[in-house]
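The values are calculated or read from the model by the stated rules, or taken from the named source; none is laboratory data. Since the model is a prediction, treat every value here as computed from it, not as a measurement. All Cβ positions, glycine included, derive from the backbone under ideal geometry; neighbour counts span all protein chains shown. Note: accessible area is taken over every heavy atom of the protein model, side chains too, but ligands, DNA and RNA are not part of it. Shrake-Rupley method; radii C 1.70, N 1.55, O 1.52, S 1.80 Å.
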There are 2 protein chains.
Amino acid sequence: MLFNLTVDAYIRNLNHLKNILTKAKAWQESAGFKEETLLNAHLGVDQFGLARQVQMAADHAKKGSAVLCGIEAPKYEDNEKSIAELQTRIDKTVAFLTTLTSDMVKDDLETKMVPLNWMPGKGLTAKFFVENYSLSNFYFHYTTAYSILRNFGLPIGKGDYMAFELKDIA
Amino acid sequence: MLFNLTVDAYIRNLNHLKNILTKAKAWQESAGFKEETLLNAHLGVDQFGLARQVQMAADHAKKGSAVLCGIEAPKYEDNEKSIAELQTRIDKTVAFLTTLTSDMVKDDLETKMVPLNWMPGKGLTAKFFVENYSLSNFYFHYTTAYSILRNFGLPIGKGDYMAFELKDIA
């Protein structure tokens, strides 16, 4: 069940994010402004721009899932310079996530510690890291990427964020 | 575990949202603009404003948790006209959530259907509703409320959204 709420949900939502970026790219081209403007678009003056929000959503999905399964996550450089490269980053992340299976979920999540790289010497239990830190950070950065594009004027809606598949509706 | 990722997480994050609203109110008063301007602030031109985002975050938390435990959620009117009233809405929601306990979690989530009021005659399994629909909608509206305030200029940061407590850090 925890696997479903994390790994499976990350795969599904990262694919939604990839589709939103496809719409953003087509819109940028038809509107005739620079792709760089889109990549750097942001909300708060001291918040990260679109490209970094996408990288962070993918990274929280990757790290949270790796901790859940007790393995090392692959490392990717943050060097994407286009929407297409951000989509490749998403594809790589999803490819990693699809190698994970629910029987890999560790049973020592409550005792194992995960260091926080921004707080040297401190950490969270793997359980708190997976269930709270990664999950809420993933949705934060996914929603913020969506919100940046909404605020910028891209005609998308909640259906792009949720992206139900017909099979989910009885 | 599902209870922890939903009911417990909703309580914790709704309290973070309440604290963010306290900062927003103090900032609005010190900056000297109308409270109504804050309540109506929004990102996309056709997106809901701050007040509605807060109501929706609280409602998704309430409904998802009620479905998880197989009970009816209390209904609240959407009539809040101030930050203080939105905070009362959060308090009422948290008070309801704290009446729930993990032993109330239903074991028929995979077979029970939850109707979608915006799609007459259609519905989701309670399992999909709780694990996917409510959870991702909750984080969507919580993050969007945060993003509206960030975009508006309120000096808050990720620490307000995550709001770790010291006890979580070992």
Can you report the principal axis dimensions of the protein assembly as shown using only the alpha carbons, biggest first, rounded to whole angstrom?
50, 48, 47
About its Cα centre, how strong a charge dipole does chain A have in debye, to the nearest 20, once Lys and Arg get +1 and Asp and Glu get -1 at the Cβ?
200
Roughly how tilted is helix A:50-69, in degrees to the nearest 10 and between 0 and 90, from the longest Cα axis of chain A?
20
With Cα atoms, 0 to 90° folded angle of helix B:135-152 axis to chain B main axis:
0
Environment charge at B:Asp46 (Cβ cut-off 14 Å; Lys +1, Arg +1, Asp -1, Glu -1):
+2
Label distances, nm, B:Ser102 versus same residue in remaining copies, Cβ-directed 7 Å point:
1.9
Quick check on segment A:38-170: what are the equivalent-ellipsoid semi-axes from the Cα gyration tensor, as sqrt(5λ), descending, whole Å?
27, 19, 15
Can you give the log10 of the normalised intensity I(q)/I(0) at q = 0.20 Å⁻¹, computed with Debye over equal Cα scatterers of segment B:1-96?
-0.98
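Suppose a student asked you for the relative contact order of segment A:68-131, using Cα pairs under 8 Å spaced at least 6 residues apart; what percent would you report?
Working: 43 pairs, mean separation 21.0, N = 64.
Reported relative contact order: 33 percent.
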Normalised by the residues of chain B, what does the relative contact order come to in percent, with Cα pairs under 8 Å and at least six apart?
33
Order B:Asp160, B:Asp107, most accessible first, counting only protein heavy atoms with a 1.4 angstrom probe.
B:Asp107, B:Asp160
Just how much of B:His141 is accessible, in Å², when a 1.4 Å probe is used and the result is rounded to the nearest 10?
10
Relative to the longest principal axis of the C-alpha atoms of chain A, give the angle of the C-alpha long axis of helix A:83-97, reported between 0 and 90° and rounded to the nearest 10°.
20
Note the distances from A:Arg12 to each other copy's matching label point, with points 7 Å along the Cα-to-beta-carbon direction, in nm, sorted shortest first.
2.2
